[in-house]
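Where a number appears in this text, it was derived from the coordinates with a stated rule and is not lab data. Keep in mind it's a predicted model, so treat the numbers as computed, not measured. Every residue, glycine among them, receives a Cβ derived from its backbone with ideal geometry; neighbour counts consider all protein chains shown.
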Amino acid sequence: METFNLLVTNFTISELMVIGGIIIGSLFGFISERINFCTRSAIKQLIGIQDSQRDKYNLIQLLIAIIISIVGFEVFSFYYSDLELSTRYITSEISIGGIFIGTVLFGIGAGLCRGCLSRQLILFCRGNLRSLFTILISVIVAWSAITGILSYPRRFLSEIGKVEINFNNNS
């Protein structure tokens, strides 16, 4: 608890998030490069399509990443419960249709690019220029889906199958 108080008094929340992102991103990159991580391969292992020795750690790393993100969020929420967090990822409404459509689009994109963006980043760091092109196109499309011309269909599709979730633990 004393460590958290020391961090909060010396850094703002934004600075802590940047520092944490650099540390977590560096660890993810180091480990991913060593074991040739690819989210697409992990998902293929999860549903039983692929079972190769070369990619045997992808599913384990994906599950560890999910567990660490959930535990990290819960720890952050516990220590900073008085903060009003305003982010698109913490909301009381979730779009089931949007999740389904996003999953299908992720699968199509990963199939066309021969790997997910984390894999493309690893390949680019190894010197693959085709991966740089893929990353740049993905960044442009993601930006346009958040603030550009693709934001209109994204907002429309996010209304499909919207479900309300109650995060209030006092009930």
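Assorted remarks:
- Highest to lowest packing among 32-44, 150-162, 66-78, scored as the average C-beta count within 10 Å: 32-44, 150-162, 66-78
- Among 107-119, 130-142, 16-28, the order from most to least packed when residues are scored by Cβ within 10 Å on average: 107-119, 130-142, 16-28
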